[in-house]
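Here's the structure, in structure tokens; my notes come after.
The values are calculated or read from the model by the stated rules, or taken from the named source; none is laboratory data. Bear in mind the structure is a predicted one, so any value in this text is a computation, not a measurement. As a convention, Cβ positions derive from the backbone with ideal geometry for all residues, glycine included, and neighbour counts pool all protein chains shown.
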């Protein structure tokens, strides 16, 4: 009996899980693997490529010295943080207004924001390019800082609306009787209480900004202003030569900030995702 | 009467400042004020471009030159373009297969993860990794992984004796399609998994216990309890995934750029190629606009379903 | 002077009428309880006084001031909410100080007033804890403290005891009453529990379906309920209410119900001349029954015992007389057993009769 259960457990649980983990982690492994191989080893067909024979930091070094990788990282950070800040502030206000203030038209506004989330960037990028050009923001990081909120705000607003729902109305009513103006209530009562939500939303925005590619590709042309994903793909492939080692090094290094933020805030991330879905 | 109250009710006329702060107490005024920044941003950078995009599809705008209205010419032209039809086919294939695979694998994984075991938190964190890592970076990784000469997959398969030559992942049209689908699924399963896992956790274990007493086996329990209760959430998640997959860009662009010979072009990549690289804004916009009916249909389905659940 | 006057207050939510034709004058320092089942409009009325609900029509005065249009913070009232509504991210001190801060009082004054209130309630040691570290009873005191610190003209209470367990509730009732006496401030208290109403109120307002049913002191409501609803609502166990037919005329009127007839004494009969040959609703409280050794038709109700409920201080017996179910109090201890017979003698002076249709008291 016990053996049957163990076998059943193995088949139903461990095997599929192991298979999935292999599927999931293999690309990461391959990436990390490649980073530490020298070009010679990389292109040597006789060696077993599944492990590193003589590890080297050469790729990482060349990434930092032969490209302006750090510049790209700085650009990406700038855009991500700025867009996140803008989106958080704007979404916080909007979510409070829709969820709590319940003013005339808050319903349709909420729906409109939901719909905005569903419009994909591939539909918007051409006319946006047009608009960005007209606003003289072409080839400027500000173009990204202003356009990223279009997909960050809807999600954040949703998430924060969920958070506001969990703050009892009585608390605000009590504050009103206590003499606080609505703005004071927002600052002194609501804001401190929704910090976890703001944190989740902020992490999401940060991650989503790092994830963006199309707008960054379309609106930025000069090398010095590129964001990391764009820079890596366009600059590390010179002619027909693919600098795979450096490419993988770039991919790895660029993943680090996001992975770090993620690892510190996993709970918030998951809470954010599932909270929004429940809405 | 209390001293405070007395001082508060000393007569004073409404100055401008008073009127201003009084109006901020009005939920409608404050509400509109609070919502204004969001509306402004979305109006300028989303609503307006959206409408502009619709308009551009009807013009012959090219880079640097304002276009003029040409009616349905773009669309007519596209409908005669074999590459466009190929793109249509690719997009639908890509979306349908990838979403189905993601859903199935996602549900499966969610069910597996839904029990309590040591390291559950860690497992959940690891499972989410592909979703967290910026798509472009994992696309670069797959790009390398699919290299026709040095692919680790090919090497492993060859060593395992499953195949005898290096697979041309990206040079052969059908291989390229499947490779892209695989990459998309790799990236997208976590979204389904975590979302559905949360849904599974809301299903009370009592239901399963009652079913067990009634004699239901695992599969029956899954079909009669899990699936029906999970359907609303599954629908929402699927609709989102469909929209995102249908309107995908970076994964395909980085790995194949739509090649070989347009065999993996999807609407997004074709539109980019024609508009940004070819300069044909009007045509590019028209291609993008072809996505609208499907997206509207998806949104509609989502709404109908969500309304029903209310 | 902090009298509260509500004149012709009405509240509509779209089509639903939550409160209608509400008129009440509350004297300075009075403790008035609004009581009724859920949905009767008591909380809505309280919220209209507070300024948390708009008033559809009618006027509310505190003292001489018409407060209809005044925002809540300018009405000089303090409210204790059912769920206390303490600010979780602030200490007890800050919770209590908040309203004074909003009114820009000096730090010293705030400190002094919070300390005073804390002493009155015995929560000085809790001042620097957070709400989540407190028990239910402690949180309730903080909520009270918050209200006291304001030194308002009127205290408003929205079912403050319903989240406490029974024992704590009884204890807190007492404390609240003592507190009210000490603070000598007008108070309006909402509850669905008639025991709270009876023990705490100087006057009680019974509400049902948005209307006032009766206003009076606890004993007034108990002894002279104005209609069937108040009669059945006030008093525990509830008054026995059953339908009967009045027969006869002049001095000899009898009522017939179930399988028994009762001859009304002449002093009582003269009130009901207009109701003979009609159906009425009879009300007798459980404690208004005596027992007879034998059944004498016209004077006693012969009943079969269905259940006996010994509470220790009193025993209640549930009986059936034909199709009429009654509850009678039969003293501290009894030998009565189920399936036995009991001959009940109603105390006619305390019997109530209500009109079948209007349900108003016929007296």
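Results for (1) in contact (Cβ under 8 Å) with a residue 40 or more places away in the chain; (2) within 22 Å of the chain's Cα centre (by Cα); (3) crowded, with 18+ Cβ neighbours inside 10 Å, shown as yes or no for each residue.
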| site | (1), (2), (3) |
| --- | --- |
| B:179 | yes, yes, yes |
| B:189 | yes, yes, yes |
| B:202 | no, no, no |
| B:209 | no, no, no |
| B:226 | yes, no, yes |
For the structure I just gave you, tell me whether residue B:110 is exposed (fewer than 14 other Cβ atoms within 10 Å of the Cβ), more than 9 Å from chain A (Cβ to nearest Cβ), modelled with pLDDT under 90 and under 26 Å from residue B:246 (Cβ atoms).
no
Wholly enclosed helices (runs of 4 or more DSSP H) of the range C:27-125 bearing at least 3 residues within 29 Å of the chain's Cα centre (by Cα):
C:42-50, C:107-121
Given the conditions (1) more than 10 Å from chain A (Cβ to nearest Cβ); (2) closer than 28 Å to residue B:168 by Cβ; (3) assigned to a helix (DSSP H, G or I), report the number of the one that residue B:200 does not fulfil.
(2)
Sort through C:157, C:98 and tell me the only one that's under 23 Å from residue A:190 (Cα atoms) and either surrounded by 16 or more Cβ atoms within 10 Å (Cβ to Cβ) or touching a strand residue (DSSP E or B) at 6+ places or on another chain (Cβ under 7 Å) (or both).
C:98
For the range B:125-132, state whether one or more residues are under 21 Å from the mean Cα position of the chain (by Cα), under 29 Å from residue A:250 (Cβ atoms) and part of a loop (DSSP other than H, G, I, E, B).
yes
Please find, within the range A:235-248, the residue that is nearest to residue A:136 (Cα to Cα) out of those that are assigned to a helix (DSSP H, G or I) and at the interface with chain B (Cβ under 10 Å from one of its Cβ atoms).
A:247
Out of all the residues in the range C:81-95, which are more than 7 Å from chain A (Cβ to nearest Cβ) and touching a strand residue (DSSP E or B) at 6+ places or on another chain (Cβ under 9 Å)?
C:82
Please enumerate the residues belonging to the range C:155-178 that are under 21 Å from residue C:135 (Cβ atoms), in contact with a helix residue (DSSP H, G or I) (Cβ under 7 Å, 6 or more places away or on another chain) and in contact (Cβ under 8 Å) with a residue 40 or more places away in the chain.
C:158, C:160, C:163
Can residue B:211 be described as within 27 Å of residue A:217 (Cα to Cα) and either assigned to a helix (DSSP H, G or I) or out of contact with any strand residue (DSSP E or B) (no Cβ under 6 Å at 6 or more places or on another chain) (or both)?
no
Mind counting the residues in the range B:65-83 that are more than 20 Å from residue B:267 (Cβ to Cβ) and without any contact (Cβ under 8 Å) to a residue 40 or more places away in the chain?
5
Hits in the range B:250-270 (condition: in a helix (DSSP H, G or I), under 17 Å from residue B:286 (Cβ atoms) and within 15 Å of the chain's Cα centre (by Cα)):
B:267, B:268
For the structure I just gave you, tell me whether residue C:315 is farther than 22 Å from residue C:243 by Cβ and surrounded by fewer than 13 Cβ atoms within 10 Å (Cβ to Cβ).
no
Residue in the range B:115-124 that is nearest to the other protein chains (Cβ to nearest Cβ), counting only those that are within 29 Å of residue A:249 (Cβ to Cβ) and free of Cβ contacts under 8 Å to residues at least 24 places away in the same chain:
B:123
State yes or no: is residue A:199 assigned to a helix (DSSP H, G or I), surrounded by fewer than 24 Cβ atoms within 10 Å (Cβ to Cβ) and more than 14 Å from chain C (Cβ to nearest Cβ)?
yes
Among residues of the range B:255-310, those that are in contact (Cβ under 8 Å) with a residue 40 or more places away in the chain, surrounded by fewer than 24 Cβ atoms within 10 Å (Cβ to Cβ), within 28 Å of residue B:146 (Cα to Cα) and facing another protein chain (nearest Cβ under 7 Å), counted:
0
Output for the range A:48-70, where each listed residue is in contact with a helix residue (DSSP H, G or I) (Cβ under 6 Å, 6 or more places away or on another chain) and within 11 Å of another protein chain (Cβ to nearest Cβ)
A:49
Would you check which residues across the range C:285-316 are closer than 23 Å to residue C:339 by Cβ and under 29 Å from the mean Cα position of the chain (by Cα) and list them?
C:286, C:289, C:290, C:307, C:308, C:309, C:310, C:311, C:314, C:315, C:316
Examine the range B:155-175 for a residue that is in a helix (DSSP H, G or I) and at the interface with chain A (Cβ under 8 Å from one of its Cβ atoms), and state whether such a residue exists.
yes
I'd like to check something: does the range B:91-105 contain any residue that is buried (at least 16 other Cβ atoms within 10 Å of the Cβ), within 8 Å of another protein chain (Cβ to nearest Cβ) and either in a helix (DSSP H, G or I) or at pLDDT below 90 (or both)?
yes
